[in-house]
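Working notes, structure below.
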Amino acid sequence: MSARIAVLGAGLAGLAAATRLVEDGHDVVVFEARERAGGRLWSETIRAAGGEHVIERGAEFVLDGYTTLRKHCANHGLELVDTGMSYYVRTPADRPGVTTDQMAALGKSAAEAAAELAHGSTVSVADILDRIGVEGDVREAIEARIEMSTAVRVDQATAEETLEHVASFERQPSWRIGGGNQGLPDALAAALGDRVRYGARVEAVRQAEDAVSVTAAGADEQFDYVVVALPFGVLDSAEHVDIDLPDWKREAMSRVVQGHAAKIHLALNSVPDTSAVMNVSDRFWTWTAIEQGGAVAPVLNGFGGEVGRLKALGIEGDSAEWERLAREQRADLDLADAPAVVTAWTLDPLAEGAYTAHAPGFSQRDAEALAAPHGRLYFAGEYIDREFGGLMEGALRSGEEAAAAITATATKG
């Protein structure tokens, strides 16, 4: 049975849901507040070494296990480009006595200790590091590496999920989508055509017994079902969308931690080697990587995580301190005089932060509550998927799962 369905948000979760729903024969409308698709996935170009080169101002690395993302890329003829460096391995420049091999060995010990925990354990990453007796510079380097990856403090993230996926220390390949990660949401949105409404900020969602009313730009429309694929920070704030959420869902949401992150990009005058270097004290890392075509892009990329450190880097102002530190740390590169390009997701009112992490005590019951529908409202987003939480793959999977659940319900009806 065909249904009329609204999808709130044209990030990866919303686009994956809309794509599946259209394939299932439903009438779909996607509401997107921005003037582009992709949400916190955003590619642009920077001029460096006499040419234009893609930078990822949002989500960047495609990691092992991203089967759903690979499927969608294949469907739209998008190729993945090996970056030539590993997202997982970063040299601690300001801790010369600490090696990446030391970090990998201790990271493996921490992951093994976390794997022994019961699901829903209240043990944090910090607790695990205490248990295995990590101290000194190597402890600080490991904490920095984890906080850069999770965008939250080590005492805020659950050990069992964090150390298995997001903050793994094993050397593994990492990829990006050739021509820019933006190519995927653009392709998904293009296939949906005029079903996607840009600049359509949703103001309220109201449920009745047999329909859902969505208010955007002052106008109300009626739908049979709604997929809420808004960023967690937006959904969690009553200031953005007037939407009634039950106590049981709010309870599960209370064990989701909003991460905060920012990125910095600096043009180079010449082509460098690949690299991945982190600043332990200031909680940011920088890298150079291969782009489409097989050459290393003449761009220094940087990422900082954890809100306290980001403020110290000056992201609420002109980020001059961050640029100074990045230039100082990467004096080995031929840096151009052009100003840095800085993207602070923490300051974006349509995101209210970067991606999320699950807090100690987050359980399978919480995961099920986050994904569970509330009446005619279904939910999708990177914060829901437990295996790939906080990642592009998790967003895509959650969108497809929400769509499948709606189709199953509509078919029964």
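Of the numbered conditions (1) in contact with an Asp or Glu (Cβ under 8 Å, 6 or more places away or on another chain); (2) under 22 Å from ALA357 (Cα atoms), PHE284 fails exactly one; give the number of that condition.
(1)
Can ASP337 be described as at pLDDT below 95 and over 20 Å from ALA151 (Cβ atoms)?
No, not satisfied.
So if I check each of GLY302, GLY317, GLY353, which one is in contact (Cβ under 8 Å) with a residue 40 or more places away in the chain and of a type in the set (Gly, Ala, Ser)?
Being in contact (Cβ under 8 Å) with a residue 40 or more places away in the chain and of a type in the set (Gly, Ala, Ser) holds for just one of GLY302, GLY317, GLY353, which is GLY353.
Which condition from (1) at pLDDT 95 or above; (2) within 23 Å of the chain's Cα centre (by Cα) is the one that ALA357 breaks?
All conditions are met except number (1).
Applying the selection to segment 128-153, what residues are of a type in the set (Val, Ile, Thr) and either closer than 20 Å to ASP94 by Cα or touching a Gly at 6+ places or on another chain (Cβ under 7 Å) (or both)?
Once the filter is applied, which keeps residues that are of a type in the set (Val, Ile, Thr) and either closer than 20 Å to ASP94 by Cα or touching a Gly at 6+ places or on another chain (Cβ under 7 Å) (or both), segment 128-153 yields VAL134, VAL138, ILE142, ILE146, THR150, VAL152.
Quick check: is even one residue across segment 24-35 basic (Lys, Arg), in a loop (DSSP other than H, G, I, E, B), surrounded by 18 or more Cβ atoms within 10 Å (Cβ to Cβ) and assigned by TED's automatic domain parsing to the domain that holds MET278?
no
Tally up the residues in segment 263-294 that are under 23 Å from the mean Cα position of the chain (by Cα), part of a strand (DSSP E or B) and more than 20 Å from VAL138 (Cα to Cα), please.
Number of matching residues: 8.
Filter segment 1-20 down to the residues that are under 17 Å from ARG376 (Cβ atoms) and of a type in the set (A, V, I, L, M, F, W, C), then identify the one that is surrounded by the fewest Cβ atoms within 10 Å (Cβ to Cβ).
Top of the filtered list is MET1.
I need the full set of residues from segment 325-342 which are among the acidic types (Asp, Glu) and either closer than 12 Å to ALA267 by Cβ or in contact with a strand residue (DSSP E or B) (Cβ under 6 Å, 6 or more places away or on another chain) (or both), in order please.
The answer is ASP334, ASP337.
Looking for whichever is in contact with a Phe, Trp or Tyr (Cβ under 6 Å, 6 or more places away or on another chain) and either over 21 Å from PRO339 (Cα atoms) or part of a loop (DSSP other than H, G, I, E, B) (or both) here; the options are VAL257, VAL227, VAL234. Which one fits?
Exactly one of VAL257, VAL227, VAL234 is in contact with a Phe, Trp or Tyr (Cβ under 6 Å, 6 or more places away or on another chain) and either over 21 Å from PRO339 (Cα atoms) or part of a loop (DSSP other than H, G, I, E, B) (or both), namely VAL227.
Picking from PHE362, PHE379, which residue would you name as being in contact with a helix residue (DSSP H, G or I) (Cβ under 9 Å, 6 or more places away or on another chain), within 30 Å of VAL212 (Cβ to Cβ) and modelled with pLDDT under 95?
That would be PHE362, the only listed residue that is in contact with a helix residue (DSSP H, G or I) (Cβ under 9 Å, 6 or more places away or on another chain), within 30 Å of VAL212 (Cβ to Cβ) and modelled with pLDDT under 95.
With the structure loaded, tell me whether LEU78 is outside the structural domain of PRO298 (by TED's automatic domain parsing), touching a residue at least 40 places away in the same chain (Cβ under 8 Å) and either more than 23 Å from the chain's Cα centre (by Cα) or surrounded by fewer than 18 Cβ atoms within 10 Å (Cβ to Cβ) (or both) or whether it fails that test.
no
Do we find a residue being closer than 22 Å to PHE362 by Cβ and either among the basic types (Lys, Arg) or surrounded by 15 or more Cβ atoms within 10 Å (Cβ to Cβ) (or both) anywhere in segment 277-291?
Taking every residue of segment 277-291 in turn, none turns out to be closer than 22 Å to PHE362 by Cβ and either among the basic types (Lys, Arg) or surrounded by 15 or more Cβ atoms within 10 Å (Cβ to Cβ) (or both).
For every residue, the table says whether it meets (1) outside any strand (DSSP E or B); (2) of a type outside the set (Phe, Trp, Tyr); (3) at pLDDT 95 or above.
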| position | (1), (2), (3) |
| --- | --- |
| VAL154 | yes, yes, no |
| GLN172 | yes, yes, no |
| GLY180 | yes, yes, yes |
| PRO185 | yes, yes, yes |
| GLU209 | yes, yes, no |
| THR215 | no, yes, yes |
| GLU221 | no, yes, yes |
| ALA238 | yes, yes, no |
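Please work out which one of (1) at pLDDT 95 or above; (2) outside the structural domain of ALA395 (by TED's automatic domain parsing) is the condition THR100 fails and give its number.
(1)
Only one of (1) under 30 Å from ARG201 (Cβ atoms); (2) assigned by TED's automatic domain parsing to the domain that holds ARG201 fails for ARG365. Which number is that?
Among (1) under 30 Å from ARG201 (Cβ atoms); (2) assigned by TED's automatic domain parsing to the domain that holds ARG201, ARG365 violates only (1).
How about segment 333-366: which of its residues are out of contact with any Gly (no Cβ under 6 Å at 6 or more places or on another chain) and acidic (Asp, Glu)?
Within segment 333-366, ASP334, ASP337, ASP348, ASP366 qualify.
The values are calculated or read from the model by the stated rules, or taken from the named source; none is laboratory data. Everything quoted here is computed from the prediction, not taken from an experiment. Every residue, glycine as well, gets a Cβ built from its backbone with ideal geometry; the counts of neighbours run over all protein chains shown.
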